[in-house]
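Notes to accompany the following structure.
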Amino acid sequence: MPDLTRVSISLESALLEAFDRHIAAKSYATRSEAIRDLIRDRLIQDEAHQEGGEQVAVVTLVYDHHARELANRLIDKQHHHHELVVSSMHVHLGERNCLEVTVLRGDAHKVRHLGDELLATKGVLHGEMILTSGEQALNQLK
Ligand code: NI
């Protein structure tokens, strides 16, 4: 365990009770671990909106593969920015629908732009982009 500093904070009782219910539901063993995760998440989200540096993103897309043009457009966009695409997993959800999970990594602005572009592709039924930091920034959060 890295060098630890103990801090004390004051919270309204109702806020603390709500937080304790929340962390119990999320299966945290201790408040400290839950608070560390909250702080890291906040710092990573903040970092994610800075320019420059390395960005990692996980993009999920759900679409109907019968929409042939859509599937081709998604593949074309990924090939066009192949230097940003680390890996992609395709799951056939059923007869029609596909789930694609793609990991992007690279220049923060380019990664977010490609993720937004994939999500905005006409015909995508549902999707989400989760942003996290690259190796260097993560190492500063330990
Ligand atoms: Ni499929």
Q. Which whole-number value in Å² is the accessible area per residue of the chain, probe 1.4 Å?
A. 71 Å²
**Q.** Per-pair calculated FRET efficiency, R0 = 22 Å: Asp46 and Leu15 via Cβ, rounded to 0.05
**A.** 0.50
Q. How big is Rg to Rh over the chain, alpha-carbon atoms, Rh as the Kirkwood inverse-mean-distance radius?
A. 1.09
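Tell me what the chain gives for mean residue ellipticity at 222 nm when only DSSP H runs of n ≥ 4 count, each as -39,500 (n - 2.57), the sum divided by the residue total, rounded to 500 deg cm²/dmol.
Calculated from helices alone, the mean residue ellipticity at 222 nm is -13500 deg cm²/dmol.
Between beta-carbons, use under 14 Å as the cut-off and find the net charge around Val7, counting Lys and Arg +1, Asp and Glu -1. Please list the in-between numbers first.
Numbers: positive: Arg6, Arg31, Arg36; negative: Asp3.
Computed value for this residue: +2.
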Q) Which of the trypsin sites (Lys or Arg not before Pro) across the stretch 1-84 are loop residues per DSSP, with 12 or fewer other Cβ within 10 Å? A) Arg6, Lys26
Q. Counting Lys +1, Arg +1, Asp -1, Glu -1, what net charge surrounds Leu93 among other residues with beta carbon under 13 Å of its beta carbon?
A. -2
Q. Which of the GluC sites (Glu not before Pro) found in the stretch 1-71 are loop residues per DSSP with 13 or fewer other Cβ atoms within 10 Å of their Cβ?
A. Glu12, Glu51
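The values are calculated or read from the model by the stated rules, or taken from the named source; none is laboratory data. All figures in this text were calculated on a predicted structure; none of them were measured in a lab. No Cβ is skipped: glycine too gets one built from the backbone with ideal geometry, and neighbour counts run over all protein chains shown. Ligands, DNA and RNA are stripped out before the accessible areas are found, and what is left, the full protein with its side chains, is counted by its heavy atoms. Shrake-Rupley method; radii C 1.70, N 1.55, O 1.52, S 1.80 Å.
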